[in-house]
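The values are calculated or read from the model by the stated rules, or taken from the named source; none is laboratory data. Because the structure is predicted, anything quoted here is derived from the model rather than measured. Because the Cβ atoms are built from the backbone with ideal geometry, glycine has one as well, and the counts that use them run over all protein chains shown. Remember, those area values only see protein heavy atoms, side chains included, never the ligands or the DNA or RNA. Shrake-Rupley method; radii C 1.70, N 1.55, O 1.52, S 1.80 Å.
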Amino acid sequence: SYYRWPKPATFASWRRRLPDGFRLTVKAPRGLTHAKRLYAPELWLERIREGWHQLGEKRAVLLVQLSPNFARDDERLAYFLRLVPDWM
């Protein structure tokens, strides 16, 4: 999910194939975290939402790991977090 964001159908397939009790953590794509650095996240959040929704009860955590050379930007982070749906 980090190098190439899967299609929603791939997430649905993972949900069907994962054993009971298993929860999947997904890493946010590098296009959002390293290329865009959370700037203008709307398109990426829509793509993430589509896939994340397909995981249903199999979803655990969405890992949003930023580059270590990304300077702290509280305003950008707050904007990003406001756009993330509560159910994510």
*Which of (1) in contact (Cβ under 8 Å) with a residue 12 or more places away in the chain; (2) over 11 Å from the mean Cα position of the chain (by Cα); (3) part of a helix (DSSP H, G or I) does GLY51 not meet, given it meets every other one?*
(2)
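Listed residues ARG4, ARG23, ARG16; which is among the charged types (D, E, K, R) and modelled with pLDDT under 95?
Checking each option against the conditions leaves just ARG4.
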*Mind listing just one residue for me: the one in region 23-43 that is crowded, with 19+ Cβ neighbours inside 10 Å and out of contact with any Lys or Arg (no Cβ under 7 Å at 6 or more places or on another chain) and, of those, nearest to ALA9 (Cα to Cα)?*
VAL26
*Among the candidates ALA78, ALA71, residue that is of a type in the set (A, V, I, L, M), open to solvent by less than 80 Å² (accessible area, probe 1.4 Å) and in a helix (DSSP H, G or I)*: ALA78
_Would you confirm, using the coordinates I've provided, whether LEU66 is out of contact with any Phe, Trp or Tyr (no Cβ under 7 Å at 6 or more places or on another chain), part of a loop (DSSP other than H, G, I, E, B), surrounded by 15 or more Cβ atoms within 10 Å (Cβ to Cβ) and of a type outside the set (Phe, Trp, Tyr)?_
yes
_Kindly evaluate LYS58 against the criterion of being in contact with a Phe, Trp or Tyr (Cβ under 9 Å, 6 or more places away or on another chain), at pLDDT 95 or above and surrounded by 14 or more Cβ atoms within 10 Å (Cβ to Cβ)._
yes
_If I go through region 29-88 residue by residue, how many of them are touching an Asp or Glu at 6+ places or on another chain (Cβ under 9 Å) and on the phi > 0 side of the Ramachandran plot?_
2
